[in-house]
Every structure is written in structure tokens, then in C-alpha cells.
Amino acid sequence: EVFKLIDALSSGPSPRLVEKMNASRTGQRILSERPDLLARLQDRAALAKLPEGSLGRAYLAFMSTGNLNPAFLVEASEEGGLAHGGQTDDDYLGRRMRDQHDLWHVVTGYQGDLLGEASVLAFTFAQTWNLGIGVIVGAVGSFISTLWYLRD
């Protein structure tokens, strides 16, 4: 349902993201080559061969501990109407942002619980200024604040 909300409140991936990517050589290379992040994240055997302490191994541990699969976000986004199936830079970045969500959990250290999800979405909102994501962060933050208040 969150993908439906994001779709309803957003006009699609932001051209601002494409501009930011084109502002650096690395971003230009990524947009030009369009590496398949999802395929790399799904290759558990390759991730397991990476050195201990690497981002890939930490990602694999996060996904294994939570019994998570990166394909879940793909399925959920498609069911929610955000397939990002086109070939524009916006579509590619939309897929990449979706696919890297669990990587942000690892990089930021936020867990997969409600507070961790809200925190990663707040981190994503700060990067994208996507109104749908902002509304979700506000709603979840309010809910968590209410629970925190009521527990005392």
C-alpha cells in the first residue's frame, strides 16, 4: 500500500535526481552503463565471496538475518503501481532507488523494524524530496511518537 500512496502523491521520479547524477562523472557513468543493481543484490553466492567487513557481506547478513529477498520490493512496487518499467533515466533511477532500499539499512545502521523503516525513509526523503515518502515518514513518525507517549 505504501507504493500506492507514493504513486498517488508523486509525479514520478524527480528530474532533479537525473540532474544530480549528471553533475558527477560517477553519476554519468551509472546513467550511461545502467548496471543492474537488483541482479547483484540477488546473487547471494557472489555476495558471500566478498571479504568479511565489506558492504556486500554486511548486506547479505542483513538480508539473511531478516529472511529478506530483494525481489519482495520489486513485487510490492509492481502491485502498488510503481513498476518503473520504462527506459528513461527517471525510470532507471526509480528502480535503482527501490532496489537500494535495504542497502540503506546497512549503510545507516537502521534495523528493519518500524523505527528503522521510518528512519531509512526519512533518509530517502532527504535525498529525493518525494512527497509520498515524506507523508509516510510523517505518518509513521507520528504513530511512533504516540506509542512512545502512551507507553509511559
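The values are calculated or read from the model by the stated rules, or taken from the named source; none is laboratory data. Remember, predicted model here, so these are calculated numbers, not experimental data. Here the Cβ positions follow ideal geometry from the backbone for every residue, glycine too, while neighbour counts run over all protein chains shown. With ligands, DNA and RNA removed, areas are computed over all heavy atoms of the protein, side chains included. Shrake-Rupley method; radii C 1.70, N 1.55, O 1.52, S 1.80 Å.
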request  = Report yes if some residue within the range 141-148 is surrounded by 15 or more Cβ atoms within 10 Å (Cβ to Cβ) and in contact with a Ser or Thr (Cβ under 9 Å, 6 or more places away or on another chain); otherwise report no.
outcome  = no
request  = Tell me, yes or no, whether the range 120-132 has at least one residue that is over 28 Å from Ser54 (Cβ atoms) and open to solvent by less than 60 Å² (accessible area, probe 1.4 Å).
outcome  = yes
inquiry  = Just to verify a result, which residue in the range 16-35, among those that are open to solvent by 70 Å² or more (accessible area, probe 1.4 Å) and within 26 Å of Gly109 (Cβ to Cβ), is farthest from the chain's Cα centre (by Cα)?
reply    = Thr26
task = For the range 40-53, enumerate the residues that are open to solvent by 50 Å² or more (accessible area, probe 1.4 Å) and either within 25 Å of Val18 (Cβ to Cβ) or outside any helix (DSSP H, G or I) (or both).
result = Arg40, Asp43, Lys49, Leu50, Pro51, Glu52, Gly53
query = If you check Leu50, Leu73, Leu131, which single one turns out to be at pLDDT 90 or above and among the aliphatic types (A, V, I, L, M)?
reply = Leu50
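Among the listed residues Gly94, Gly112, Gly86, Gly116, which satisfies the condition of being in a loop (DSSP other than H, G, I, E, B) and under 13 Å from the mean Cα position of the chain (by Cα)?
Result of the check over Gly94, Gly112, Gly86, Gly116: Gly112.
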